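Heads up, the thing below is written out as structure tokens.
The values are calculated or read from the model by the stated rules, or taken from the named source; none is laboratory data. In this text, all values refer to a predicted model and were calculated from it rather than measured experimentally. Heads up, the Cβs are rebuilt from the backbone with ideal geometry, glycines too, and the neighbour counts pull from every protein chain shown. For the accessible areas, the whole protein counts, side chains as well, though only heavy atoms, and no ligand, DNA or RNA atoms are used. Shrake-Rupley method; radii C 1.70, N 1.55, O 1.52, S 1.80 Å.
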Amino acid sequence: MVKSRALQTMIFLVLAQWLCVIGYSVYQLNAIEQEAKDSYQQQIEATEKRLSNTLPPKLWNYAYEFLKMDLKHEFLNSNISYLSLLDTHGELVYEVGEGRQVDADNIIELKLNYNHLGDMVFVGTLSIHIETYLFGENLQQSIEKMRFEILILVLIMAFITVFVGWFLLKNKSDK
């Protein structure tokens, strides 16, 4: 009877631990996914804002070398697969990246306007193709990190379970 009560306690502890681990895993996975989506969206919005603020004056002043440097920099340091800049006549000024096929949802068209003496003047169009596979890679890295944390948690819980079980069985058998 003594050992069966200890066994029941051990089974209860193991089930409670696994329930905690599963609950923690689901919560963390959702939090990581939402955090990655938010971060990805913030990066895209920041890139959009930077380019829409820096490119119009350079287009207006025909500073194409500086334009090229800005576009290359954004291409290399962000989640962009392709950038193209068209002037007011629709002619290509500069492009960088590979024109891979992306979903229409992942293409951002920005109308670039320059404030010339208080008047907003259209100076060109910027097309940004967003690369979604990078989001998946970042999310996968975060999930791998979470798996490692859960493994550590499981090992700690297993150690506690074995220790508590040993303690319960030893105390019950001594009586």
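For the reader, a short list of remarks on this structure follows.
- For region 13-49, the set of residues classified as closer than 23 Å to ILE128 by Cα, open to solvent by less than 80 Å² (accessible area, probe 1.4 Å) and within 14 Å of the chain's Cα centre (by Cα) consists of ALA36, ASP38, SER39, TYR40, ILE44, listed by residue number.
- Whichever residue in region 73-93 is open to solvent by 40 Å² or more (accessible area, probe 1.4 Å) and either under 23 Å from HIS116 (Cα atoms) or modelled with pLDDT of 90 or more (or both) and, among such residues, is nearest to the chain's Cα centre (by Cα): LEU86
- Note on region 45-70: residues that are without any contact (Cβ under 8 Å) to a residue 60 or more places away in the chain, more than 11 Å from VAL96 (Cβ to Cβ) and in a helix (DSSP H, G or I) amount to 11.
Residue-wise test of (1) among the small types (Gly, Ala, Ser); (2) touching a Phe, Trp or Tyr at 6+ places or on another chain (Cβ under 7 Å).
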| position | (1), (2) |
| --- | --- |
| VAL14 | no, no |
| SER25 | yes, no |
| ILE44 | no, no |
| LYS68 | no, yes |
| HIS73 | no, no |
| GLY97 | yes, yes |
